[in-house]
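A quick write-up on the structure given underneath.
The values are calculated or read from the model by the stated rules, or taken from the named source; none is laboratory data. Only a predicted model underlies this, so the values are computations on that prediction, with no experimental measurement involved. Counting neighbours? That spans all protein chains shown, and the Cβs are built from the backbone with ideal geometry, glycine included. Each accessible area value is taken on the protein alone, full model and side chains, heavy atoms only, with ligands, DNA and RNA left out. Shrake-Rupley method; radii C 1.70, N 1.55, O 1.52, S 1.80 Å.
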Amino acid sequence: HGTALLHVLLATALLLGGVSGFILSRETNCGLLCHRRSAAASAAALASSESPIVAEANLINAESPTILTIDNLLSKEDIDAAMKCIETECISTTTTTSDYQEDIFRAGAEEEEDSHFVAAVDRALNKGTDLNPPLVRGSIPATHADSPLEQFLWVITNHPEAMDQSDIVAGANFIQRRQARQKWESEGGRQLLELSMDDEPFAKAGKRYEMPNEVEDMLLQQIVRPMMPNTTHWSVQDATVVVYDEGESQVPHVDPCDATILVYLDDGRANLEEECEPIGLTGGDTCYPFIGCRVPVEVGKILFFSSTLSPSGERDVSSLHHGGLIRSGRKVVAQIMLDLSYEGQNNDDARSSSASWLDILSVSFT
């Protein structure tokens, strides 16, 4: 019990008190997820669908966190269309996100960031000749000569007017990524990584992409809307696609939202030639260490889980989870983070009157 309590306290301190250290912002240095689409665009996608139907769900965990899966909301045509779009707009472009947990561990990130710091300082030096006194290379202390980051920080501290605003914002996020990486390499971070249900230690993260609008609209209409009764409203906090290849996994974490929907779209078979022997996915379960639960990957399966205690809004540490190690094949998963509000009611009162997540979801159980 003492060890379990330590883990809970550790997870609380690292994941709730320091979210900005583990999930970086896209457009501001605030440590919050910034959804690239307007709220109106996502809301329009939800409103354009037909009236909700009752989804047939499999209840995995009724208590904290609420976990359920649904198998009957996406057709093969839906999945194929989503994967075709993802292959074209995400995977083939190699343009991944730059500010999520996966990016904290991205190979080559520090070298790319150092290149940015060098270029930013060079741009500042070009502008600095017009300052009084002028900013020249010799102004930067020789002790910073071997550190692009130290040079960047010195210029910002002493001559902020010479630095482009875009360089400052990008540099701040790079620094935040490095601080987050240091947290994971600390004693507390290592203990958090030990919560993983994989036998092998975490080595490499998957690749995350912004979800194409076409795929997001389809998933909102086909999945989120059927689970949403008329008395509630889901707002989309974030929508991304994560691709895991062999040897990749995810660090244990708590999502900064009310609930998350994961949609498993590919288990590695889609990329194989038809005449080849199919190689299915091995590994990649979605794992919940605190409750000892694993949800295996099945193409077309929809996984819903809560990250708050009931719909109260209080963060639920027991929802800590991670994507398991991929031993063979490939896993492609669409992720939609959702926040909950109530139509025509005081949001706090409505939340407190709901006993559990199961009270508000339009699902029946098989």
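Restricting the search to the stretch 125-145, which residues are open to solvent by less than 50 Å² (accessible area, probe 1.4 Å) and either in a loop (DSSP other than H, G, I, E, B) or closer than 27 Å to ALA109 by Cα (or both)? Outline the logic, then answer.
Of all residues in the stretch 125-145, those open to solvent by less than 50 Å² (accessible area, probe 1.4 Å) come to 125, 128, 131, 135, 139-141, 144.
Within the stretch 125-145, LEU125, LEU131, LEU135, ILE140, PRO141, HIS144 qualify.
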The residue that is nearest to VAL241 (Cα to Cα), considering only those in the stretch 196-209 that are of a type in the set (Lys, Arg) and not in a loop (DSSP other than H, G, I, E, B), is ARG208
Among ASP99, ASP80, the single one that is in contact with a Lys or Arg (Cβ under 7 Å, 6 or more places away or on another chain) and either hydrophobic (A, V, I, L, M, F, W, C) or on the phi < 0 side of the Ramachandran plot (or both) is ASP99
Here the residues within the stretch 174-195 that are assigned to a helix (DSSP H, G or I), in contact with a helix residue (DSSP H, G or I) (Cβ under 6 Å, 6 or more places away or on another chain) and of a type in the set (A, V, I, L, M) are ALA180, LEU192
Checked against (1) within 30 Å of GLU161 (Cα to Cα); (2) at pLDDT 90 or above; (3) touching a Ser or Thr at 6+ places or on another chain (Cβ under 8 Å); (4) not acidic (Asp, Glu), PRO65 satisfies every condition except (1)
In the stretch 146-173, residues that are open to solvent by less than 60 Å² (accessible area, probe 1.4 Å) and either assigned to a helix (DSSP H, G or I) or touching a Cys at 6+ places or on another chain (Cβ under 7 Å) (or both) total 15
| said: Is it the case, given these coordinates, that ALA120 is assigned to a helix (DSSP H, G or I) and closer than 27 Å to THR97 by Cβ? | reply: yes
Condition set in contact with a Cys (Cβ under 8 Å, 6 or more places away or on another chain) and in a helix (DSSP H, G or I), scope the stretch 210-251, selection farthest from VAL299 (Cα to Cα): answer is GLU214
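Let's see how each residue does on (1) modelled with pLDDT under 90; (2) hydroxyl-bearing (Ser, Thr, Tyr); (3) more than 25 Å from ASN72 (Cα to Cα):
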residue: GLU275; (1), (2), (3): yes, no, yes
residue: LEU281; (1), (2), (3): yes, no, no
residue: PHE290; (1), (2), (3): no, no, yes
residue: CYS293; (1), (2), (3): no, no, no
residue: PRO296; (1), (2), (3): no, no, no
residue: SER307; (1), (2), (3): no, yes, no
residue: LEU320; (1), (2), (3): no, no, yes
residue: GLY323; (1), (2), (3): no, no, no
residue: LYS331; (1), (2), (3): no, no, no
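What's the total number of residues in the stretch 74-117 that are touching a Pro at 6+ places or on another chain (Cβ under 9 Å) and either in a helix (DSSP H, G or I) or open to solvent by 40 Å² or more (accessible area, probe 1.4 Å) (or both)? Walk me through it before giving the result.
The initial filter retains those residues of the stretch 74-117 that are touching a Pro at 6+ places or on another chain (Cβ under 9 Å), namely 82, 85-86, 88-90, 113-117.
Those still in the list that are either in a helix (DSSP H, G or I) or open to solvent by 40 Å² or more (accessible area, probe 1.4 Å) (or both) too: 82, 85-86, 88-89, 113-117.
Here the count works out to 10.
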Taking the stretch 344-364 and the residues there that are open to solvent by 20 Å² or more (accessible area, probe 1.4 Å) and modelled with pLDDT of 70 or more, the one that is farthest from ALA259 (Cα to Cα) would be SER364
Being over 30 Å from PRO252 (Cα atoms), touching a residue at least 12 places away in the same chain (Cβ under 8 Å) and not basic (Lys, Arg) narrows LEU125, LEU195, LEU220 down to just LEU125
Only one of (1) open to solvent by less than 10 Å² (accessible area, probe 1.4 Å); (2) modelled with pLDDT under 90; (3) within 13 Å of the chain's Cα centre (by Cα) does not apply to ALA239, and that is (2)
Picked from the stretch 295-343 (must be in contact with a Pro (Cβ under 6 Å, 6 or more places away or on another chain) and in a loop (DSSP other than H, G, I, E, B)), the residue surrounded by the most Cβ atoms within 10 Å (Cβ to Cβ) is LEU320
